[in-house]
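Below you'll find the structure, written out as structure tokens, and then a few comments.
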There are 2 protein chains.
Amino acid sequence: MQANVNLDQILEELDATGTLEGIQGVIVKLRNAFGVDHIIYHWVDSAGEQYGCGTYSDEWRDHYIAQSYIRVDPVVIGCFQRFHPVDWKRLDWSGKPARAFLADAMKHGVGNQGFSIPIRGPNGQFALFTVNHTCDDAEWARFSELNSRELILIAHYFNRKALEFEPERKGEQSRALSPREIDAMTLLAMGYSRAQVADTLAISEHTLRVYIESARFKLGAHNTTHAVARALSRGLIIV
Amino acid sequence: MQANVNLDQILEELDATGTLEGIQGVIVKLRNAFGVDHIIYHWVDSAGEQYGCGTYSDEWRDHYIAQSYIRVDPVVIGCFQRFHPVDWKRLDWSGKPARAFLADAMKHGVGNQGFSIPIRGPNGQFALFTVNHTCDDAEWARFSELNSRELILIAHYFNRKALEFEPERKGEQSRALSPREIDAMTLLAMGYSRAQVADTLAISEHTLRVYIESARFKLGAHNTTHAVARALSRGLIIV
DNA sequence: AGCCCCCTCGCGCTTTTTGGGGAGTGGAAA
DNA sequence: TTTCCACTCCCCAAAAAGCGCGAGGGGGCT
């Protein structure tokens, strides 16, 4: 295990690729460069959709999905509440399902040492970049200390690339909301009732209603809650 | 403007500090090291609370907050929908309020060139790390290309530090939603009416109501729309 | 000048949502 | 074992949201 990596070159190659196969190729190169067992980029969508890319065996990946391990995996759970990269040893493996999961993972060739970086994008996107290896604690500590910064950057670039593959971002361009509509949506998102919003904006409740309906129409929303949700996830309003 | 920075040393110092003043000191050092006009770390809370740290003048900061510029600022709005660092020139400054904001900003000593990095943490936390300067486009392009990676890393470390200071993170760790509550919130955010949600989840509408109320309670929300908005901005659900 | 959009306001009506109760199961943790 | 919590079901009255019909002034763009 040695960190003999030309970061620039790898990031450039990642940047240049336009296919999933290309990304997979970069991952393999990265693994070889770092001299570790596995590198995985794991995209987690809360709708239950997952998209993975990495050097784990196909069996393990399929097994992971089939078992819904994502709801058990301490790496995912732990990283989801953290910001900084985390060593697997510092996670909570005490639960019974967690230990069963770990045993199962090792049986499928997952190494005993791991280092995962949580990454978050717009609209609640969440992903994990993981480096996995088999070695003793001291060696692993040395490795992760040496390379953590490079790995953070690599994780960042991977996610940036992954977001490019996100399908619907470009097609769905909605008209921008008017200032009053933004006010209305914002206050509604803050929990105000229509009466309170109208009062806050110093307009009649009917006028407010017009704004809400107009915003709903522009956003293609079925109801107020939907409109607020869309405005939020499109970044049109900030609460 | 020169990039004569000892990244390791600065990050170490940041890591070692335990006070806001210390962070402020690191920012000033960073600014001097990079030789730019301003460096700002700007935290935007899901409750609308802001917390800033940087070299902008106090007047500008207070003015920014007083004017609720956060809802106008194209940097905030633009970064909120993006993942990768963004040059201010690539943002949409066409709106009238945006231009007024820009003029106001420049009057308060904000430079014409900027480079902002969006950062996201757990529970929908969002922050911006910004480098600001006054120079021509070519020089700025050279600078940002040279330093973008270092800046990403620095932004990452700043946010990590900022999360340590977050007071209520530990106290007000809003209880996570139960699976059914997440289902309910998600479907509501997708625009379904209660009847449709109940139907989709194959439960009675009354039962659904219990979930919604429970979720509302857990999220400290005044009404359903508020609950959905909070769940969204905390990253508990994704639409 | 005409068009389109933004802002503002009115009344009445139907449907949906909400808030106040209460009640029972099963599983997991203390 | 008891005590939580998640999950399921029910009634009723009040509040809120949605939908229909209107109306007019102002600003900007072509």
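The values are calculated or read from the model by the stated rules, or taken from the named source; none is laboratory data. Just so it is clear, the model here is predicted, and its values are computed rather than measured. Don't worry about glycine lacking a Cβ; one is built from the backbone with ideal geometry, like all the others, and counts go over all protein chains shown. Only protein heavy atoms, including side chains, enter the accessible area calculation; ligands, DNA and RNA are left aside. Shrake-Rupley method; radii C 1.70, N 1.55, O 1.52, S 1.80 Å.
Side notes on the structure shown:
- Within segment B:25-47, the set of residues being closer than 21 Å to residue B:121 by Cα and either surrounded by fewer than 20 Cβ atoms within 10 Å (Cβ to Cβ) or modelled with pLDDT of 90 or more (or both) comprises B:27, B:39, B:40, B:41, B:42, B:45, B:46, B:47.
- All positions within segment A:153-176 that are at pLDDT below 90, more than 13 Å from the chain's Cα centre (by Cα) and either within 12 Å of chain B (Cβ to nearest Cβ) or not in a helix (DSSP H, G or I) (or both): A:164, A:167, A:168, A:169, A:170, A:171, A:172, A:173, A:174, A:175, A:176
- Taking the criterion of being facing chain B (nearest Cβ under 8 Å) and open to solvent by 50 Å² or more (accessible area, probe 1.4 Å), the residues of segment A:211-235 that qualify are A:222, A:230.
- Matching entry among B:80, B:143, B:101 (being aromatic (Phe, Trp, Tyr), assigned by TED's automatic domain parsing to the domain that holds residue B:163, under 21 Å from residue A:182 (Cβ atoms) and open to solvent by less than 40 Å² (accessible area, probe 1.4 Å)): B:101
- Condition broken by residue A:150, with the remaining ones in (1) more than 10 Å from DNA strand C (Cβ to nearest atom); (2) outside the structural domain of residue A:121 (by TED's automatic domain parsing); (3) modelled with pLDDT of 90 or more satisfied: (2)
- Restricting the search to helices (runs of 4 or more DSSP H) fully inside segment B:1-105 and requiring at least 2 residues that are of a type in the set (Phe, Trp, Tyr) gives B:58-66.
- The one condition from (1) within 21 Å of the chain's Cα centre (by Cα); (2) facing another protein chain (nearest Cβ under 10 Å); (3) open to solvent by 10 Å² or more (accessible area, probe 1.4 Å) that residue A:179 does not meet is (1).
- Within the option set A:36, A:76, A:86, A:28, being of a type outside the set (Phe, Trp, Tyr) and in contact with a Cys (Cβ under 7 Å, 6 or more places away or on another chain) holds for one residue only, A:86.
- For the condition at pLDDT 90 or above, among the aromatic types (Phe, Trp, Tyr) and closer than 24 Å to residue B:238 by Cα, residue B:83 qualifies.
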